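Notes follow the structure.
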Amino acid sequence: MIDAGDNADPRGLIREAYSMEGLGPGECRSIFLDWALGLPAGSDPRALIPALIALHGAAAPDHPMTQVLRAGLDASAPTGRRGGWAARRGLQRQHKVAPGGED
């Protein structure tokens, strides 16, 4: 697991984003995605974001990366698997009724 602070940004992507001039929200979202995908297995990005905001965002509250990080905190957590092979093909699970009985 990664510790807070600079260890929350092992490749320095978020730090570099704050030092770039003219970076827009779209570029910040791309950098954020790259950061999240590059974290070691088992890391919880949502647990690391507050450390990044404290480290970088406090000094630059209007920076687009600060807005992206805050949006990452506000995003709802995934609720699990949605859909699958059958759902994509319009198939539904058939409910079986016991012979001679009702539902």
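None of the figures in this text is laboratory data; all of them are computed from the coordinates on show. Keep in mind it's a predicted model, so treat the numbers as computed, not measured. Positions of Cβ are generated from backbone atoms using ideal geometry, with glycine treated the same way; all protein chains shown enter the neighbour counts.
Annotations
- Positive-end extreme of charge dipole, the range 18-81 - chosen from Ile31, His56, Ala41 (charges on Cβ): Ala41
- Fully extending the segment from Arg46 to Glu27 would add 4.9 nm, taking 0.36 nm per residue of separation and subtracting the current Cα-Cα distance.
- When Met20, Met65 are arranged by Cβ crowding within 10 Å, least crowded first, meaning fewest neighbours, the order is Met20, Met65.
- Additional length obtainable on full extension of the chain from Leu73 to Ser19, 0.36 nm per residue less Cα span: 17.2 nm
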